[in-house]
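These notes concern the structure reproduced below.
The values are calculated or read from the model by the stated rules, or taken from the named source; none is laboratory data. On a predicted model such as this, the values are computed, not experimentally measured, just so you know. Virtual Cβ from ideal backbone geometry, glycine too; neighbours counted across all protein chains shown. Heads up: the accessible areas ignore ligands, DNA and RNA and are worked out on the full protein's heavy atoms, side chains in. Shrake-Rupley method; radii C 1.70, N 1.55, O 1.52, S 1.80 Å.
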Amino acid sequence: MKIPPGMILVMGAVLMAAAGFGAARWWTSTHAPVTLNSGSLLSPPRDLPQFSLIDQRGAAFTPASLLGHWSVLFFGYTNCPDLCPTTLATLATLQREWHNRDVAYPRVVFVSVDVRRDTPAVLSKYVPYFDPAFVGVTAATQVRIEEFARGLGAAVIIGPEHDGTYSVDHTGALFVVSPQGRLAAILTPPYTLAGLREDLARVLSAGT
């Protein structure tokens, strides 16, 4: 049975919302989390799935790339009209605040789920627009990036191609990774600047 394009988008939106909630529930099912404005602090932090990605310079991005510093992973794509640029702009504002106060802050990693269009060259122009310190990563294949997303509990849906274009739906959660390379928290939208500021401060404090 052929599903109308409009129905696919509705189904995708429902799946994205469920995935964000489900990821937090799945990771925290056996431990009572510290209360955050949006999402959950994981206690204890969880191991990440194995992965081999590519950053915007064309260099390898592996679990070792996340060691020694806090990171915030955000799945999205460069053609995203609203959630991606809004979230990245909010995170960039927080980066500037922390930098001006000389406070250690997490590195933002933008994980593109649109491998076909978001090449390293495209990411190298898009990601630094928000902050030069942001890192953009992709994968050699769509299968590989979706395997990584599923390993974290994030959903990705690529719609059928029509007239040379296609839709992309994805989980809007932020995955906070500790300096030990372990998943420490999952933050879920909708986000506000004040809420993210407070939640990230709590997560970093709990991990020190």
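The table that follows gives values for the structure above.
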item: Considering only the range 109-208, percent of DSSP beta bridges that pair antiparallel, nearest 5; result: 75
item: Using a Förster distance of 25 Å, the FRET efficiency for residue 163-residue 57 (Cβ separation, nearest 0.05); result: 0.15
item: Surface share of carbon and sulfur [accessible, 1.4 angstrom probe, percent] for the range 111-208; result: 56
item: Stretchable slack from residue 119 to residue 141, in nm (0.36 nm times residue separation minus alpha-carbon distance); result: 6.8 nm
item: By average C-beta atoms within 10 angstrom, highest first, the peptides 38-47, 55-64; result: 38-47, 55-64
